[in-house]
Amino acid sequence: MKVPFTVSDFLYRAENVYPDRVALADEPEAPGGGLGEITYARFGELVRAQAAKLDQLGIGHGERVAMVSQNAGRLMTSFYGVSGYGRIFVPINFRLSHDEISYIIDHCGATMLLVDPSMEDTCKDIDVEHFVVMGTDADDQMYAPGAEPAPWTPDEDVTATINYTSGTTARPKGVQQTHRALWVNATTFGWHSGVSDRDVYLHTLPMFHCNGWGMPYAVTGMGGKHVVQREVRGPEILKRIEQHGVTLMCGAPAVVAAVLDAAAEWEGPIPGSGQVRMVVAGAPPPTRTIARMETELGWEFIQIYGLTETAPLLTMNRCRPEWDDFEPDEKARKLSRAGAPAIGVKIDVDNQGEILARANVVLEGYWEQPEATAEAIVDGWFHTGDGGSMDDEHHVTISDRKKDVIISGGENVSSIEVEDVLFSHPAVTEVAVIGVPDEKWGETIKALVVVDAAGDAVSERDLIDFCRDRMAHFKCPTSVEFREELARTATGKLQKFKLRAPYWEGMEKQIN
Ligand code: AMP
């Protein structure tokens, strides 16, 4: 028998097995009003009401429904209310600018755009058929209470979500994931990280980012509790762990750093000590940070490696019983590797040192970009663009990036995109944008520019402001250096590795 996998399977189980449990505690201070605390029975009702509303609006199966929002209860219901009833959900980074969001809406052809009240000004004149500023007063534009949604014939091979990610091109690409891929990612991730019905999951990771790495599905399937966190602030994270008895969270190394800072100021025992496990990825976490998570917080550190293109789970590194008695530093060294392939994933390293992956979680394709898809998946292997190695314990270490991507605070920034913007400044004649190590963000963005004679009057601040007016702020350079010329190959190609080298001297890895 073959029964199609769909994301609805996760909620179906929770709703039937745990109807009276609290499914979700929404952000108490959500602008426009959140959903409060809702049970799985109520969660299911809202999801059906949302799908029924899409029917009423004439938004058909296969159409795209986009959302720009910080973590929120309504974003959670949409993973099911949109994808679970045959539409394609497109969660978008809330840090993007008007033009960037507008490009995505146009590119994916979304017929509906739902936005958090804080994004109203940024998004209000975007050309889309149905525009809703979410909140209690607008719930009737998003949900049709009591109405039954039209049935959708489940198909595991259709696209459930599109996540736009900055990569090797100036414009972000839309990663299409099928129900099947999301299902496999959620179940294997849940299994490897030991998600159970005792888990209380704190959403410190943005839900738009690779569908919150699949935790909105995995935790729901087990009937765990979701605690929404809108903004990542260390003291607030600790408070919520204490208040809700959080056991599980995910985030980039920058989130761990924020928690460690907050813990240093915290009075009394650290919340979640001996109870929280934290899954970290997005950049290689420093070994010292890993050790501090155990010694200063008493939390379990778990590293994963993956990409939006791989749903994301490719590898996981979690303490083995064999390492239990190691000293914290030695254990941290073991855990500083990206980890071993998750079940169902095959990893290879090609002769250029690029990590290749073969698995059911690899993307269906880049939305409407068949050439980009063909470049990424060659002979059945997905090219990650990351450089690394595999050791004799079959653990992968990521040490370099083949693609022109900077990762700052866990978010990808395409250096080409930033270069494009700087080039549009009249005084700039040459530009190279590189990632340089940064204590707080892992990497930060530096622009090396050559200006023409008129450019003498242009300052570092002017160029940074020029970018900030045109792009999401996390993508903008934090420093600009003026140069006479930039290192190029004989064919005129920028030698980024040469330009980067002085900033990374003496470091073990060429990424941070
Ligand atoms: P994204 O698609 O935005 O989730 O970014 C994926 C990229 O993040 C990967 O291609 C890697 O460059 C980087 N990344 C993710 N996890 C790790 C990790 N554990 N160590 C090093 N880099 C990572």
Residues of segment 123-143 that turn out to be open to solvent by 40 Å² or more (accessible area, probe 1.4 Å) and within 18 Å of Leu96 (Cα to Cα), as a count:
4
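Among the residues of segment 13-26, which ones are touching a residue at least 12 places away in the same chain (Cβ under 8 Å) and open to solvent by 20 Å² or more (accessible area, probe 1.4 Å)?
If the condition is that a residue be touching a residue at least 12 places away in the same chain (Cβ under 8 Å) and open to solvent by 20 Å² or more (accessible area, probe 1.4 Å), then Arg13, Glu15, Val17, Tyr18, Pro19, Asp20, Arg21, Val22 are the ones that fit.
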Search result, residues across segment 203-217 that are touching a Ser or Thr at 6+ places or on another chain (Cβ under 9 Å), within 15 Å of the ligand (Cβ to nearest atom) and of a type in the set (Phe, Trp, Tyr)
Phe208
Any hit, segment 315-328, residues being surrounded by 23 or more Cβ atoms within 10 Å (Cβ to Cβ) and of a type outside the set (S, T, N, Q)
yes
Of everything in segment 164-178, what is of a type outside the set (Lys, Arg) and either buried (at least 22 other Cβ atoms within 10 Å of the Cβ) or more than 16 Å from the ligand (Cβ to nearest atom) (or both)? Give them in sequence order.
Tyr164, Ser166, Gly167, Ala170, Pro172, Gly174, Val175, Gln176, Gln177, Thr178
With respect to Thr289, determine if the residue is open to solvent by 20 Å² or more (accessible area, probe 1.4 Å), under 25 Å from Ala338 (Cβ atoms) and away from the ligand (no atom under 16 Å from the Cβ).
no
Only one of these conditions is not met by Gly282: (1) closer than 30 Å to Val7 by Cα; (2) within 11 Å of the ligand (Cβ to nearest atom); (3) open to solvent by less than 20 Å² (accessible area, probe 1.4 Å). Which number is it?
(3)
Could you tell me whether Glu330 is more than 10 Å from the ligand (Cβ to nearest atom), more than 27 Å from the chain's Cα centre (by Cα) and under 24 Å from Leu260 (Cα atoms)?
yes
Inspect all residues belonging to segment 237-253 and state whether any of them is touching a Phe, Trp or Tyr at 6+ places or on another chain (Cβ under 8 Å), open to solvent by 10 Å² or more (accessible area, probe 1.4 Å), assigned to a helix (DSSP H, G or I) and within 16 Å of the ligand (Cβ to nearest atom).
no
Among the listed residues Ala427, Ala447, which satisfies the condition of being in contact with a Ser or Thr (Cβ under 9 Å, 6 or more places away or on another chain) and open to solvent by less than 40 Å² (accessible area, probe 1.4 Å)?
Ala447
Just need a number here: residues in segment 502-512 that are over 18 Å from Gly388 (Cα atoms) and open to solvent by less than 70 Å² (accessible area, probe 1.4 Å).
1
Which of the residues that make up segment 360-388 are open to solvent by less than 30 Å² (accessible area, probe 1.4 Å) and not in a loop (DSSP other than H, G, I, E, B)?
Gly365, Tyr366, Ala372, Thr373, Ala376, Phe382, Thr384, Gly385, Asp386, Gly387, Gly388
Limited to segment 109-122, what total is found for residues that are under 14 Å from His98 (Cα atoms) and small (Gly, Ala, Ser)?
1
Residue in segment 302-325 that is farthest from Asn211 (Cα to Cα), counting only those that are touching a helix residue (DSSP H, G or I) at 6+ places or on another chain (Cβ under 7 Å) and without any contact (Cβ under 8 Å) to a residue 40 or more places away in the chain:
Trp323
Under 7 Å between Cβ atoms, at least 6 apart or on separate chains: pull out the pairs that start in segment 337-356 with a residue that is more than 11 Å from Gly388 (Cα to Cα) and in contact (Cβ under 8 Å) with a residue 12 or more places away in the chain and end on any residue that is assigned to a loop (DSSP other than H, G, I, E, B) and more than 13 Å from the ligand (Cβ to nearest atom).
Ala340/His394; Gly344/Ala359; Gly344/Asn360; Val345/Ala359; Lys346/Ala359
Residue list for segment 215-226, restricted to those being surrounded by fewer than 24 Cβ atoms within 10 Å (Cβ to Cβ) and of a type in the set (A, V, I, L, M, F, W, C)
Met222
Kindly indicate the residue of segment 192-202 that is part of a loop (DSSP other than H, G, I, E, B) and out of contact with any Ser or Thr (no Cβ under 8 Å at 6 or more places or on another chain) and also least open to solvent (accessible area, probe 1.4 Å) among those meeting that condition.
Ser193
Which of the residues spanning segment 179-191 are buried (at least 23 other Cβ atoms within 10 Å of the Cβ) and either assigned to a loop (DSSP other than H, G, I, E, B) or polar (S, T, N, Q) (or both)?
Asn185
Every residue in segment 257-285 that is part of a helix (DSSP H, G or I) and touching a residue at least 40 places away in the same chain (Cβ under 8 Å), please.
Ala257
Being over 17 Å from the mean Cα position of the chain (by Cα) and part of a strand (DSSP E or B) is the filter here, so list the residues in segment 203-225 that pass it.
Lys225
Restricting segment 412-423 to residues that are at pLDDT below 90 and either away from the ligand (no atom under 16 Å from the Cβ) or in contact with a Phe, Trp or Tyr (Cβ under 8 Å, 6 or more places away or on another chain) (or both), the one farthest from Asp99 (Cα to Cα) turns out to be Phe423
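Of a type in the set (S, T, N, Q), open to solvent by 30 Å² or more (accessible area, probe 1.4 Å) and more than 21 Å from the chain's Cα centre (by Cα) - does that describe any residue in segment 104-119?
The answer is no; no qualifying residue exists.
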Condition set within 11 Å of the ligand (Cβ to nearest atom) and in a loop (DSSP other than H, G, I, E, B), scope segment 292-314, selection surrounded by the most Cβ atoms within 10 Å (Cβ to Cβ): answer is Ala311
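The values are calculated or read from the model by the stated rules, or taken from the named source; none is laboratory data. Quick caveat: nothing in here was measured; it's all calculated off a predicted structure. Neighbour counts are summed over all protein chains in view; Cβ atoms, including those assigned to glycine, are modelled from backbone coordinates with ideal geometry. To get the accessible areas, we keep the full protein, side chains included, count just its heavy atoms, and leave off ligands, DNA and RNA. Shrake-Rupley method; radii C 1.70, N 1.55, O 1.52, S 1.80 Å.
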